[in-house]
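The values are calculated or read from the model by the stated rules, or taken from the named source; none is laboratory data. Note that the structure is predicted; figures quoted are calculated from it, not measured. Here the Cβ positions follow ideal geometry from the backbone for every residue, glycine too, while neighbour counts run over all protein chains shown. With ligands, DNA and RNA removed, areas are computed over all heavy atoms of the protein, side chains included. Shrake-Rupley method; radii C 1.70, N 1.55, O 1.52, S 1.80 Å.
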Amino acid sequence: MRIGIDASNISKGGGLTHLFEILKYLDGSKENISAVYVWSNRATLDKIVDHELILKMYLPVLDKSIFYRTLWQKFKLPFLLKENACDILFVPGGPTSTSFSPKVTMSRNMHPFVNRELFRLPLFSFMMLKYIIIRLTQPRLFKKYEGIVFLNKFAENAMMPIIGKCNAMIRIIPHGVNPIFKASPRSQKPLSSYSAARKFQLLYVSKIDVHKHQSEVAQAVLNLHHKGYPVHITFVGPVDSQKEYSLFNKVIVSY
């Protein structure tokens, strides 16, 4: 089997980590895979593991804006898939309008479809416009896919009524956990063993964005601190939303 992967919409975050991890564990002999063609931007392809079965397909247009990438997906990608004799297309970044068949996609971004999260965004912002467009177009695109992967039952239950009747094969496949995060349980110490000099340490790793709730997490830890609990948290990640960073910073300054 020859697999094509359209990763043109993946550049950072969990989508990139997911793509990197599944390709890292590629076993061609076990899965009867003879080649995997990955189309994406230069930065994403550079992060993907080198493998004899993985062919990194770079085109300058994939470094351009979403407008150019959308045109490429619709008009050029089907030709490239046929030219390379791909048997199936996998689109991990969400459904696109490509006419190639058969194709499988993933439903990963629930924010445009959950009102309480959608309306956390500034009303007249680029992200709000982007999510409204996704909300209006993605359900129609999902109908054209032969396979849809959901991360959990919540996502399937939320999305399928919006998508409506379709003939796609539905599967729930949660994101995996890298073995480096697995460890034997450590002995649990009583709260009395912690103090102002030896605080309970928490770590939050993610970009600062409106959907990540760093300001609420920081406030919760601050509330525990005011109640006398010896707790400390470290936030690690870039700033994607100046609005959320401003709220987050207000909590930090109030400490």
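In region 19-128, which GluC sites (Glu not before Pro) are in a loop and have at most 13 other Cβ atoms within 10 Å, using DSSP for the loop call?
Working: sites: Glu21, Glu31, Glu52, Glu83, Glu117; in loops: Glu52.
Here the sparse-neighbourhood loop sites are Glu52.
Tell me, what ³J(HN,Hα) does each residue in region 130-146 have, in order and in whole Hz, if you take phi through Karplus 6.51 cos²θ - 1.76 cosθ + 1.60 with θ = phi - 60° and put x for Gly and Pro?
Calculated HN-Hα couplings, in order: 4, 5, 5, 4, 4, 4, 7, 9, 4, x, 5, 5, 4, 4, 8, 9, 7 Hz.
What does the charge count near Ile208 come to, summing +1 for each Lys or Arg and -1 for each Asp or Glu among other residues with Cβ under 15 Å from its Cβ? Show your work: numbers first, answer last.
Details: positive: Lys12, Arg120, Lys207, Lys212, Lys243, Lys250; negative: Asp209, Glu216, Asp240, Glu244.
Net of charged neighbours comes to +2.
So who's got an amide H within less than 5 Å of the one on Phe90, skipping anything under 5 residues away but keeping other chains? H placed 1.01 Å off N, in plane.
Gly4, Ile5, Asp6, Val104
Take the Cα of Val61, step 7 Å along the line toward its Cβ, and report every residue of region 1-27 whose backbone nitrogen sits under 20 Å from that point.
In region 1-27, the label zone of Val61 (backbone N under 20 Å from the point 7 Å along Cα→Cβ) covers 4-11.
Using θ = phi - 60° and the Karplus relation 6.51 cos²θ - 1.76 cosθ + 1.60, list the HN-Hα couplings for region 69-81 in order, rounded to whole Hz, with x at every Gly or Pro.
So the Karplus estimates, Gly and Pro as x, are 5, 5, 4, 5, 4, 7, 9, 9, 4, x, 5, 5, 5 Hz.
Can you give me the accessible area per residue for the chain, using a 1.4 Å probe, in Å²? Can you show the working numbers first?
Numbers: 15350 Å² over 255 residues.
Per residue, the chain has an accessible area of 60 Å².
Can you list residues whose amide H is under 5 Å from Ile233's amide H, if they're 5+ apart or on another chain and H is modeled 1.01 Å from N?
Leu202
Tell me the net charge near Ala43. Cut-off is 15 Å between Cβ atoms, Ala43 excluded, with +1 for each Lys or Arg and -1 for each Asp or Glu. Mind dumping the intermediate values first?
On the way: positive: Lys12, Arg42, Lys47, Lys56, Lys64, Arg69; negative: Asp46, Asp63.
Cβ neighbours under 15 Å give a net charge of +4.
Taking the Cα atoms of region 1-128, report the difference between the largest and smallest coordinate on each principal axis, in whole Å and largest first.
The principal-axis extents, from largest down, are 49, 30, 26 Å.
Could you tell me which trypsin sites (Lys or Arg not before Pro) in region 1-98 are loop residues by DSSP with no more than 12 other beta carbons within 10 angstrom of their beta carbon?
Details: sites: Arg2, Lys12, Lys24, Lys30, Arg42, Lys47, Lys56, Lys64, Arg69, Lys74, Lys76, Lys82; in loops: Lys12, Lys64.
Answer in residue order: no site qualifies.
Given the -39500 (n - 2.57) contribution per DSSP H run of 4+ residues, what per-residue ellipticity at 222 nm results for the chain, rounded to the nearest 500 deg cm²/dmol?
Numbers: 10 runs with 92 residues, N = 255.
Helix-only estimate at 222 nm: -10500 deg cm²/dmol.
Looking only at Leu224, Leu118, Leu45, which one moves most when the chain is put into a Gaussian network model with springs between Cα atoms under 10 Å?
Leu224
Quick check: the angle from helix 242-253's long axis to the longest principal axis of the chain, C-alpha only, nearest 10 degrees?
The answer is roughly 20 degrees.
With a 1.4 Å probe and all protein chains left in place, how much of the accessible area of the chain comes from carbon and sulfur atoms, in whole percent?
On the way: 9210 of 15350 Å².
After summing per-atom areas, the C and S share lands at 60 percent.
Scattering from the C-alpha atoms of region 99-229 alone, worked out with Debye: what is log10 I(q)/I(0) at q = 0.09, 0.10, 0.11, 0.17 1/Å?
Debye output, listed in q order: -0.46, -0.55, -0.64, -1.05.
Is region 44-115 rounded, prolate or oblate when judged by the Cα gyration tensor, a ≥ b ≥ c being the square roots of its eigenvalues, rounded requiring a/c under 1.5 and prolate requiring a/b larger than b/c?
Working: a/c = 1.44, a/b = 1.34, b/c = 1.08.
Rounded, since a/c falls under 1.5.
Taking region 143-217, which trypsin sites (Lys or Arg not before Pro) meet the DSSP loop condition and have no more than 11 other C-beta atoms within 10 Å? Can you show the working numbers first?
Numbers: sites: Lys143, Lys144, Lys153, Lys165, Arg171, Lys182, Arg186, Arg198, Lys199, Lys207, Lys212; in loops: Lys143, Lys144, Lys165, Lys182, Arg186, Arg198, Lys199, Lys207, Lys212.
Taking region 143-217 and a limit of 11 other Cβ atoms within 10 Å, the loop trypsin sites (Lys or Arg not before Pro) found are Lys165, Lys182, Arg186, Arg198.
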